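Peer 1: Once you've had a glance at the structure underneath, I'll fire off some questions.
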């Protein structure tokens with residue numbers, strides 16, 4: 001899975017928040033409860049997904065190599081540059097000058113990038129120029145039938 005070349009901007013800590021309603025209970029995937037139809041507070045989605053505004057940016061994913069981790073073509077990724085790229089984390093990384101999003105894995109002392117789609121082979125990082133651009137913390141995608149932005 002590659003990434004769109006254009007980054008969608010850094011999170012602006014001075015931006016005016018746009019709070020949206022937040023229900024006080026979770027949405028049930030089974031039978032609805034009529035008693036749970038009241039609002040509790042407002043939710044600022046930006047504050048919910050951006051923990052380190054000065055180190056956060058957004059980028060769109062391309063391709064299907066991370067579909068098993070819930071990252072679809074066209075999804076908006078929230079990436080935090082202040083987090084450490086640890087094994088098991090999904091990262092944005094430049095490998096030989098090309099941006100990609102993959103899961104960082106270690107086997108012994110060797111680092112690999114693992115796709116979550118079995119159609120793609122692991123990418124060994126040994127002998128390649130690589131630079132981590134950040135850790136993916138959230139992914140936003142539209143559901144089928146939803147209007148696109």
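Peer 1: Assess whether residue 13 counts as being in contact with a helix residue (DSSP H, G or I) (Cβ under 7 Å, 6 or more places away or on another chain) and either modelled with pLDDT under 95 or not in a loop (DSSP other than H, G, I, E, B) (or both). Step through it out loud before you land on a result.
Peer 2: Values: in contact with a helix residue (DSSP H, G or I) (Cβ under 7 Å, 6 or more places away or on another chain): yes; either modelled with pLDDT under 95 or not in a loop (DSSP other than H, G, I, E, B) (or both): yes.
Yes; evaluated as a whole, the condition is true for this residue.
Peer 1: Could you run through the range 131-140 and say how many residues are over 16 Å from the mean Cα position of the chain (by Cα) and either closer than 14 Å to residue 68 by Cβ or surrounded by 17 or more Cβ atoms within 10 Å (Cβ to Cβ) (or both)?
Peer 2: Let us first name the residues in the range 131-140 that are over 16 Å from the mean Cα position of the chain (by Cα), namely 131.
Adding the requirement that they be either closer than 14 Å to residue 68 by Cβ or surrounded by 17 or more Cβ atoms within 10 Å (Cβ to Cβ) (or both) leaves none.
Count: 0.
Peer 1: Does residue 106 satisfy being surrounded by 10 or more Cβ atoms within 10 Å (Cβ to Cβ) and part of a loop (DSSP other than H, G, I, E, B)? Can you show your working first?
Peer 2: Values: surrounded by 10 or more Cβ atoms within 10 Å (Cβ to Cβ): yes; part of a loop (DSSP other than H, G, I, E, B): no.
Answer is no for this residue.
Peer 1: I'd like to know if the range 23-46 contains one or more residues that are at pLDDT 65 or above, in a strand (DSSP E or B) and within 20 Å of residue 92 (Cα to Cα).
Peer 2: No, the range 23-46 contains no residue that is at pLDDT 65 or above, in a strand (DSSP E or B) and within 20 Å of residue 92 (Cα to Cα).
Peer 1: Here is a follow-up. Among the residues of the range 47-89, which ones are touching a helix residue (DSSP H, G or I) at 6+ places or on another chain (Cβ under 8 Å) and either more than 28 Å from residue 121 (Cβ to Cβ) or part of a strand (DSSP E or B) (or both)?
Peer 2: Selection gives 78, 80, 82.
Peer 1: Please enumerate the residues belonging to the range 109-147 that are closer than 18 Å to residue 60 by Cβ and part of a strand (DSSP E or B).
Peer 2: Those that are closer than 18 Å to residue 60 by Cβ and part of a strand (DSSP E or B): 133, 134, 135, 136, 137, 138, 139, 140.
Peer 1: Which of the residues spanning the range 109-122 are out of contact with any helix residue (DSSP H, G or I) (no Cβ under 6 Å at 6 or more places or on another chain), surrounded by 12 or more Cβ atoms within 10 Å (Cβ to Cβ) and farther than 14 Å from residue 87 by Cα? It would help to see each step written out before you state the result.
Peer 2: Quick first cut of the range 109-122, residues out of contact with any helix residue (DSSP H, G or I) (no Cβ under 6 Å at 6 or more places or on another chain) only: 109-115, 118-122.
Next, from what is left, pick out any that are surrounded by 12 or more Cβ atoms within 10 Å (Cβ to Cβ): 111-115, 120, 122.
Listed by number, the list holds a single entry, 120.
The values are calculated or read from the model by the stated rules, or taken from the named source; none is laboratory data. None of these values were measured; they are calculated from a predicted model. Here the Cβ is made from the backbone with ideal geometry for all residues, glycine too, and neighbour counts use every protein chain on show.
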